[in-house]
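Trainee: My questions all concern the structure below.
The values are calculated or read from the model by the stated rules, or taken from the named source; none is laboratory data. What you see is a predicted model, and the numbers here were worked out from it, not measured in a lab. Positions of Cβ are backbone-derived with ideal geometry, glycine not excepted, and every protein chain shown enters the neighbour counts.
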Amino acid sequence: MAETSKTADHALTVLLKLTEDGPMTPAELARELGLNRTVVHRLLTTLRERGFVTRSGGGYVPGAIVVRMAERVQPELRAAAAGVMARLGRDVGETIVLHIADGDDAMVLEQYVGDQHVVRVEHMIGSRHSLTQGASGRALLAFMSPATIDRVLRRVPSPEGLRKQLEGVRQLGYALSHDELQQGVHGLAVPVMHDGHAVASLAILVPTTRATGLAEHIDVLREASAQVAAKLYG
């Protein structure tokens, strides 16, 4: 096995944790990751000096460089989806988010933030969460290969319950989430399909105050997903 750098591994672990759960304080990072607090402080200082993290309130979040790096991922998919997402976002007046699978995680690749309401949902490009979580994650996972699904489900406490959820997503063609990843945020997501598998998921995210109308957007969301796939694959 090739030799690796322990310091670099710790720095990347801190950065990934902030991407998933930030903002977090040094004390929280040390406790969650099982690292010495002094080590975490040094890592954060280095990452901050290079622009990879920045302060937010009393904690740290990923910096602008991380966003710029994320923006270089899958440029063809981003280009195909951008216009479709903007039109959909203007039509429904809500935030539209594009996720891709990255390992066992769903990662935000692009978003259009609706501006018709004062209270709205916004994600950070490059942020990630498990494929088992949220409407976007399950809309991806449900349409992945059986081997991938089996591997991911081995890591969850109640795999059979989640397997039934995924079967329901496949039957309906969409996934829903309520107060799951963020309190007060509800999601409706569909897969972007190619050759029988999901290459991305497209979601509408709304705050609780407008969650009752979320299901009304299923047809336009499906149409938008089909448009993205058509732009990508013809």
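Trainee: Out of I204, I149, I need the residue that is among the aliphatic types (A, V, I, L, M) and either at positive phi or assigned to a helix (DSSP H, G or I) (or both). Which one? Before you say what the answer is, go through the steps one by one.
Mentor: Details: I204 fails: either at positive phi or assigned to a helix (DSSP H, G or I) (or both).
When all the criteria are applied, what remains is I149.
Trainee: Taking the range 152-173, which residues are of a type in the set (K, R), closer than 30 Å to G63 by Cβ and part of a helix (DSSP H, G or I)?
Mentor: Restricting attention to the range 152-173, the residues satisfying the condition of being of a type in the set (K, R) are 154-155, 163-164, 170.
Subsequent filtering for residues that are closer than 30 Å to G63 by Cβ retains 155.
The answer is none; no residue qualifies.
Trainee: Let me ask something else. Sort out which residues of the range 31-59 are touching a Gly at 6+ places or on another chain (Cβ under 6 Å) and touching a residue at least 12 places away in the same chain (Cβ under 8 Å), and write them in order of number.
Mentor: At the first step, the residues of the range 31-59 found to be touching a Gly at 6+ places or on another chain (Cβ under 6 Å) are 51-54.
Those that are touching a Gly at 6+ places or on another chain (Cβ under 6 Å) and touching a residue at least 12 places away in the same chain (Cβ under 8 Å): G51, F52, V53.
Residue-wise test of (1) in contact with an Asp or Glu (Cβ under 8 Å, 6 or more places away or on another chain); (2) at pLDDT 90 or above; (3) over 28 Å from A175 (Cβ atoms); (4) not hydroxyl-bearing (S, T, Y).
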residue: A27; (1), (2), (3), (4): no, yes, yes, yes
residue: L33; (1), (2), (3), (4): no, yes, yes, yes
residue: N36; (1), (2), (3), (4): no, yes, yes, yes
residue: R42; (1), (2), (3), (4): no, yes, yes, yes
residue: L47; (1), (2), (3), (4): no, yes, yes, yes
residue: V67; (1), (2), (3), (4): no, no, no, yes
residue: A70; (1), (2), (3), (4): no, no, no, yes
residue: I96; (1), (2), (3), (4): no, yes, no, yes
residue: E110; (1), (2), (3), (4): no, yes, no, yes
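Trainee: If we keep just the residues of the range 62-115 that are charged (D, E, K, R) and in contact with a helix residue (DSSP H, G or I) (Cβ under 7 Å, 6 or more places away or on another chain), which is farthest from G22 (Cα to Cα)?
Mentor: Filtering the range 62-115 down to residues charged (D, E, K, R) leaves 68, 71-72, 76, 78, 87, 90-91, 94, 102, 104-105, 110, 115.
Filter again for in contact with a helix residue (DSSP H, G or I) (Cβ under 7 Å, 6 or more places away or on another chain), leaving 76, 91, 104, 110.
On the way: E76: 29, D91: 31, D104: 19, E110: 19 Å.
Applying the filter and picking the extreme gives D91.
Trainee: Just to be sure I understand the filter: pairs with C-beta atoms under 6 Å, separated by 6 or more residues or on different chains, first member in the range 134-147 and touching a residue at least 12 places away in the same chain (Cβ under 8 Å), second member in a helix (DSSP H, G or I) and β-branched (V, I, T). Which pairs pass?
Mentor: Listed by first residue and then by second, the contacts come to R138/V169; A142/V169.
Trainee: How many of the residues making up the range 165-175 are under 15 Å from the mean Cα position of the chain (by Cα) and surrounded by fewer than 21 Cβ atoms within 10 Å (Cβ to Cβ)?
Mentor: Our first condition is that a residue be under 15 Å from the mean Cα position of the chain (by Cα); within the range 165-175, this holds for 175.
Imposing the further condition that a residue be surrounded by fewer than 21 Cβ atoms within 10 Å (Cβ to Cβ) reduces the set to none.
The number of residues fulfilling the criteria is 0.
Trainee: How do the pairs read when you match residues in the range 198-224 that are closer than 18 Å to V169 by Cβ with residues anywhere that are of a type in the set (S, T, N, Q), using Cβ under 7 Å and keeping only pairs 6 or more apart or on different chains?
Mentor: Once the first residue is closer than 18 Å to V169 by Cβ and sits in the range 198-224, its partners that are of a type in the set (S, T, N, Q) give S201/S136; L202/S225; A203/S136; L205/T95.
Trainee: Oh, and also: Out of (1) loosely packed, with under 14 Cβ neighbours inside 10 Å; (2) not assigned by TED's automatic domain parsing to the domain that holds R210, the odd one out for D91 is which?
Mentor: Every condition holds for D91 apart from (2).
Trainee: Right, something else. Does the range 180-199 hold any residues that are surrounded by 12 or more Cβ atoms within 10 Å (Cβ to Cβ) and on the phi > 0 side of the Ramachandran plot, and which are they?
Mentor: We begin by selecting, within the range 180-199, every residue surrounded by 12 or more Cβ atoms within 10 Å (Cβ to Cβ); these are 180-182, 184-194, 197-199.
Result: G184, single match.
Trainee: Just to verify a result, which residue in the range 127-164, among those that are more than 19 Å from the chain's Cα centre (by Cα) and polar (S, T, N, Q), is modelled with the lowest pLDDT? Quick ask: steps written out before the conclusion?
Mentor: If we filter the range 127-164 for residues that are more than 19 Å from the chain's Cα centre (by Cα), which is where we start, we get 145-147, 150-151, 154, 157-161, 163-164.
Subsequent filtering for residues that are polar (S, T, N, Q) retains 145, 158.
On the way: S145: 89, S158: 85.
Checking each candidate, the answer is S158.
Trainee: Quickly run through the range 137-196 and pick out the residues that are over 23 Å from V108 (Cβ atoms) and among the small types (G, A, S).
Mentor: Passing the criteria: A147, S158, G161, G168, G196.
Trainee: How many residues are exposed (fewer than 13 other Cβ atoms within 10 Å of the Cβ) and assigned to a helix (DSSP H, G or I) if we restrict to the range 47-57?
Mentor: Total satisfying the criteria: 1.
Trainee: Given the condition surrounded by fewer than 18 Cβ atoms within 10 Å (Cβ to Cβ) and not in a helix (DSSP H, G or I), answer yes or no: does some residue in the range 7-22 qualify?
Mentor: no
Trainee: Kindly check whether there is at least one residue in the range 133-140 that is in a loop (DSSP other than H, G, I, E, B) and among the polar types (S, T, N, Q). Steps first, answer last, please.
Mentor: Quick first cut of the range 133-140, residues in a loop (DSSP other than H, G, I, E, B) only: 133.
The next check asks that each one be among the polar types (S, T, N, Q); those that pass are 133.
Yes: one or more hits.
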